[in-house]
Amino acid sequence: MEFEHTSVLLEETIENLQIKPDGVYVDGTLGGGGHSCRIASALHEGGRLIGIDQDEAAIEAAGRRLAPYRDRVTLIRDNYCNAVQVLRQRGIEKVDGIVLDLGVSSFQLDNAERGFSYRYDTALDMRMDLRQTLTARDIVNQYTEPELYRVIRDYGEEQFAKNIAKHIVKARADKPIETTGELNEIIRAAIPAKMRATGGHPSKRTFQAIRIECNRELEVLRDSVDALIGLLHPGGRICIITFHSLEDRIVKTAFRRNENPCTCPPDFPVCVCGQVSKGKVITRKPVLPTKEELAVNKRAGSAKLRVFCRA
């Protein structure tokens, strides 16, 4: 299956990056290479794009798509949380711009073998990096009921999390839960019929929660934003595209903290903590997809772009 992914908020991201032809840029979530292609095409001699992705299929597909720009592109299979280390290994201390598109690619969602989607009956997997050992199957069959409840409640924001966790534990007592289809049926049985009739597919929130837990998505994001901002040259920008409220909240909080890191009590007349602002938030409100983009890509519906500029 060909790796495909329609880049969301592409024009808005490129505009906000303010690309310099001789600059150094990082695409920390390479995916199908949509954002990277636009960045690479804007670079001239001396410019460099570092594309990072933990999915081997993404690296291979992006390599083909970026072939015309191979003189200015370096592709690395890794997690963006390791960006500082992988860049230093290549002699790069600072960059001019960073992009993170946190959406799951169309390839990952539509490839039944990867086990990301509730639309197919296939083995429970959900790993973005197939080198890791933890899978969705392990989470569903090995987590305790309180752990499952926490994951589904916190990462899926699912109001029936407690009942879903209870049904999962009850079902796996008879035999391990092996497939997405089996998990679908368990979730369906745990949600009242009148609620299943509204709000989309009943498994959507639980599958999201298990995927986030499997790939440590929120933990990685939370631990990475400060370091990524620290990588930027003065005037450099980081653009982050999120797809649900949990991600957006982390990015919004981190950007505000880097803009105003002062920890002094509000009633102090002057700052004594010594914390210095690292820059400013460019997007006081997130940039949202246009009606035109939504008409051609319904998966852009929940996307939000936030931008921070280094001082």
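7 Å from Cα along Cα→Cβ at both Phe268 and Lys175: what's the point-to-point distance in nm? It is 6.3 nm. Relative to the longest principal axis of the Cα atoms of the chain, helix 145-156 runs at roughly 50 degrees.
As a test of the formula, what do you get for the chain when each DSSP H run with n ≥ 4 contributes -39,500 (n - 2.57) and the sum is divided by the residue count, at 222 nm and rounded to the nearest 500 deg cm²/dmol?
Working: 14 runs with 132 residues, N = 311.
Value at 222 nm, helices only, nearest 500: -12000 deg cm²/dmol.
A DSSP coil position with no more than 12 other Cβ atoms inside 10 Å describes the following GluC sites (Glu not before Pro) in the stretch 59-118: Glu93.
Report, to the nearest whole %, how much of the accessible area of the stretch 148-271 belongs to carbon and sulfur atoms, 1.4 Å probe, protein only. All intermediate terms of the calculation are to be shown ahead of the outcome.
On the way: 3190 of 6080 Å².
The value for the stretch 148-271 is 52 percent carbon and sulfur by accessible area.
Under 19 Å from a label point set 7 Å out along the Cα-to-Cβ vector of Glu93, the amide N atoms of the stretch 38-75 belong to 48.
Applying 1/(1 + (r/R0)^6) with r as the Cβ-Cβ distance of Thr144 and Asp22 and R0 = 41 angstrom yields a FRET efficiency of 0.15. Applying 1/(1 + (r/R0)^6) with R0 = 22 Å to the Cβ-Cβ distance of Asn260 and Asp154 gives a FRET efficiency near 0.25.
Which whole-number value in Å² is the accessible area per residue of the stretch 75-227, probe 1.4 Å? Spelled out: the 1.4 Å probe surface of the stretch 75-227, per residue, equals 48 Å². Using 0.36 nm per residue and subtracting the Cα-Cα separation, the extra length available between Lys280 and Val220 on full extension is 19.3 nm. Relative to its residue count, the stretch 236-311 spans a Cα convex hull of 99 Å³ per residue.
Carbon and sulfur: what percent of the stretch 4-63's accessible surface (1.4 Å probe)? Carbon and sulfur: 43 percent of the exposed surface of the stretch 4-63.
For the stretch 248-269 versus the stretch 1-60, the inter-centroid distance based on Cα atoms is 30 Å.
Expressed to the nearest 5 percent, the antiparallel share of DSSP beta bridges inside the chain is 40 percent.
Among the trypsin sites (Lys or Arg not before Pro) in the stretch 258-311, those placed in a DSSP loop whose Cβ has at most 14 other Cβ atoms within 10 Å are Arg284.
Viscosity 0.692 mPa s, temperature 37 °C: give me the Stokes-Einstein translational D for the chain in µm²/s, with Rh taken as the Kirkwood radius over C-alpha pairs. All intermediate terms of the calculation are to be shown ahead of the outcome.
Values: Rh = 20.7 Å.
Result for D is 158 µm²/s.
The simple Förster model, with R0 at 41 Å and r as the Cβ-Cβ distance, assigns Lys291 and Asp129 a FRET efficiency of 0.70. The smallest convex shape that holds all Cα atoms of the stretch 40-150, its convex hull, gives 143 Å³ per residue. With one equal scatterer per alpha carbon and no solvent term, the Debye-computed log10 I(q)/I(0) for the stretch 1-61 at 0.13, 0.21, 0.24, 0.27 1/Å reads -0.33, -0.81, -1.00, -1.16.
The trypsin sites (Lys or Arg not before Pro) of the stretch 100-153 meeting both criteria, a DSSP state outside H, G, I, E and B (loop) and at most 10 other C-beta atoms within 10 angstrom of the site's C-beta, are Arg131.
The values are calculated or read from the model by the stated rules, or taken from the named source; none is laboratory data. The structure displayed is predicted, hence computed values, not measured ones. Note: ideal-geometry Cβ built from the backbone for every residue, glycine included; neighbour counts use all protein chains shown. Keep in mind that these areas ignore ligands, DNA and RNA; they rest on the heavy atoms of the full protein, side chains included. Shrake-Rupley method; radii C 1.70, N 1.55, O 1.52, S 1.80 Å.
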